[in-house]
Amino acid sequence: MNYDSSVLSVRYPDDTRHLQSEIEGTDICEIGRSFLGSALSQSYVGIYFLEHYVEAKRFQYVVEFGSHAGAVSLYLANSAAVSQRFYFDTYELYPQWSWYAGSDDHEWEVSDLYGWKGWNGCGPWFEQLSKISPFINFHHADGLSSESIDHVVGNISDKKTFLFCDGGNKVDEFNTYAPLIKKGDCIAVHDWDTEIFEHQIQDVCDEHSLQPDGHWAEHHYKLGTGIMPFVKV
Ligand SMILES: C[S@@+](CC[C@H](N)C(=O)[O-])C[C@H]1O[C@@H](n2cnc3c(N)ncnc32)[C@H](O)[C@@H]1O
């Protein structure tokens with residue numbers, strides 16, 4: 001066992017980040033709280049949903065478009081590295097806003113959405129993890145660029161895939177990538193019925209045999225995850 005008894009006598013320095021005031025009146029089902037100590041753009045239930053979905057569907061390749069502060073990215077990265085069952089890519093075009101929040105050279109986002117100002121981004125820690133696990137990767141790039149599409153498509157070809165569209169333009173992300181996944185693969189969007197609506201993706205769904213993914217799709221309504229998954233049949 002690796003146990004150092006001298007730690008018992010250490011007094012830790014007073015160098016933690018102190019936020020100004022407590023947060024009142026919040027609900028555990030809210031979208032936009034902290035997770036793994038950083039800013040999360042999902043509800044906690046969304047995390048449970050992702051855990052169950054990835055485990056049950058046996059995905060081998062998972063991609064997140066829109067890392068933001070990286071709370072979901074860090075969660076999925078840990079899941080990939082611990083389980084060694086799937087590879088994980090996350091894409092973020094503007095890492096200086098949230099991914100590196102708290103570091104010296106980042107820019108705060110214009111809005112102080114959800115009282116996030118003061119939080120650290122997961123980026124620097126994620127980057128350390130990506131050095132020690134081959135299952136974890138991050139890309140500071142446009143998820144819709146031809147290079148990104150080439151990389152993702154190259155990995156879709158031989159791995160059961162789940163794409164999570166949560167970047168700057170979920171309609172474009174869905175309509176670009178949905179035709180490129182193969183039968184049995186899945187693609188989900190966040191902010192269903194608030195930022196992205198059925199009529200915006202219906203043509204692609206019809207043309208490429210995508211349908212709401214059975215009971216998984218119902219979680220959006222039952223649990224308020226905001227996540228709507230589709231499967232290619
Ligand atoms: C809603 S946030 C993502 C939230 C994150 N998935 C979570 O659950 O905490 C959307 C992110 O997409 C990023 N973004 C916008 N356009 C993008 C693009 N073309 N490619 C990659 N990321 C993009 C934004 O900078 C922003 O950080």
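Summary of values
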{"quantity": "In the range 52-102, the residues that are among the basic types (Lys, Arg), touching a residue at least 60 places away in the same chain (Cβ under 8 Å) and out of contact with any Cys (no Cβ under 7 Å at 6 or more places or on another chain)", "calculated": "ARG58"}
{"quantity": "Residue count, the range 32-53 (criterion: under 17 Å from ILE136 (Cα atoms) and surrounded by 22 or more Cβ atoms within 10 Å (Cβ to Cβ))", "calculated": "1"}
{"quantity": "Segments classed as strands (runs of 3 or more DSSP E), wholly inside the range 176-233, with at least 2 members that are out of contact with any Gly (no Cβ under 7 Å at 6 or more places or on another chain) and over 18 Å from ARG58 (Cα atoms)", "calculated": "210-212"}
{"quantity": "The range 151-201 - residue that is within 15 Å of the ligand (Cβ to nearest atom) and over 22 Å from THR225 (Cβ atoms) and, of those, surrounded by the most Cβ atoms within 10 Å (Cβ to Cβ)", "calculated": "VAL152"}
{"quantity": "Some residue of the range 126-149 being in contact with a strand residue (DSSP E or B) (Cβ under 8 Å, 6 or more places away or on another chain), more than 26 Å from SER43 (Cα to Cα), at pLDDT 95 or above and in a helix (DSSP H, G or I)", "calculated": "yes"}
{"quantity": "Boolean, LYS182 is within 23 Å of ALA71 (Cα to Cα) and of a type outside the set (Gly, Ala, Ser)", "calculated": "no"}
{"quantity": "Residue that is farthest from VAL152 (Cα to Cα) [pool: residues in the range 67-105 that are away from the ligand (no atom under 12 Å from the Cβ) and modelled with pLDDT under 95]", "calculated": "ASP104"}
{"quantity": "Boolean, VAL63 is assigned to a strand (DSSP E or B), buried (at least 19 other Cβ atoms within 10 Å of the Cβ) and either modelled with pLDDT of 80 or more or more than 10 Å from the ligand (Cβ to nearest atom) (or both)", "calculated": "yes"}
{"quantity": "Exclusive hit being more than 15 Å from the ligand (Cβ to nearest atom), in a helix (DSSP H, G or I) and modelled with pLDDT of 90 or more, set GLU55, GLU51", "calculated": "GLU55"}
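The values are calculated or read from the model by the stated rules, or taken from the named source; none is laboratory data. Just so you know, these numbers come straight off a predicted model, no measurement behind them. Neighbour counts run over all protein chains shown; Cβ positions are idealised from the backbone, glycine included.
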